[in-house]
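Everything on this sheet refers to the single structure shown next.
The values are calculated or read from the model by the stated rules, or taken from the named source; none is laboratory data. Everything numeric here is computed off the predicted structure, so don't read it as measured data. Cβ coordinates were reconstructed from backbone atoms using ideal geometry, including for glycine residues, and neighbour counts include every protein chain displayed.
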Amino acid sequence: MAIRKSEDDILDAARACVESFGVRRTTLTDVARRAGVSRPTVYRYWPDISSLVGDLMTRELKAVFAASVAEATETEARPRIVHGCTGTVRAVWHHSMFRRFLDSEAELLATYVFQRLGSSQHAALDLLHAQLAEGQRDGSVRPGEPAELARIVLLTAQSIGVSRRLVDDTLSEEALLDSLARLLDGYLRPDTAPFPDTAPSPDVTAQEETPAPEGDAA
């Protein structure tokens, strides 16, 4: 219990430093001083500021996920998923640390947007997978591999989450969240009509590629 408390105290101190100075100007010495512990104590858990900030982001995002899931009390799984995703995006926008990242240190998120998924994203995928499977059982989510559906849901919510500033001149926060909800609901909603196939049929392709016989009129 004491070890867990020490870790949480250090993470709390790291969050305060990041919110005050930004990640680039925060050092492990700053964190140790604010936490009231020695530098070796901090190094016992984290070898550098990057690993400390990574664990801090994971802790804060998991707390956001938990709160958003708790607020989504709809009976069917699909509206709960949509509610949880929009609630998570809203909470990230209003979270003091993540707001600083998005406003002035967005490059810190680039790895998790363009290169690989972090532990908090994998946790979100696990949660979505379970909810989507439940939705398929209760009939509120369309057929499909839950892992694939979960990945698209995550990437859609994440894209909206990190792009808030790109639509400030066009959409209010509520309008953007409403658009996200409509996107996710439409993607997951069961539909009896087949999805249109936009690829050309083999017959059409063959017809287009067959040259006209020589001498025929156009």
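Quick notes on this structure:
- The stretch 89-105, residues that are among the small types (Gly, Ala, Ser) and surrounded by 13 or more Cβ atoms within 10 Å (Cβ to Cβ): 91
- The single residue among 140, 179 that is surrounded by 12 or more Cβ atoms within 10 Å (Cβ to Cβ) and in contact with a Lys or Arg (Cβ under 8 Å, 6 or more places away or on another chain) turns out to be 140.
- Residue match in the stretch 36-45 (condition: surrounded by 13 or more Cβ atoms within 10 Å (Cβ to Cβ) and under 23 Å from residue 121 (Cβ atoms)): yes
- Residue in the stretch 14-22 that is surrounded by 15 or more Cβ atoms within 10 Å (Cβ to Cβ) and either small (Gly, Ala, Ser) or farther than 18 Å from residue 96 by Cβ (or both) present: yes
- Selected residue (only one of 66, 77 is farther than 19 Å from residue 162 by Cβ and at pLDDT 95 or above): 77
- The residues on offer are 86, 111, and the sole one that is buried (at least 18 other Cβ atoms within 10 Å of the Cβ) and out of contact with any strand residue (DSSP E or B) (no Cβ under 9 Å at 6 or more places or on another chain) is 86.
- Candidates 104, 20: the one that is of a type outside the set (Asp, Glu) and touching a residue at least 24 places away in the same chain (Cβ under 8 Å) is 104.
- Yes/no for residue 111 being without any contact (Cβ under 8 Å) to a residue 40 or more places away in the chain, more than 19 Å from the chain's Cα centre (by Cα) and not assigned by TED's automatic domain parsing to the domain that holds residue 8: no
- Scanning the stretch 112-133 for residues that are at pLDDT 85 or above and polar (S, T, N, Q) returns 119, 120, 121, 131.
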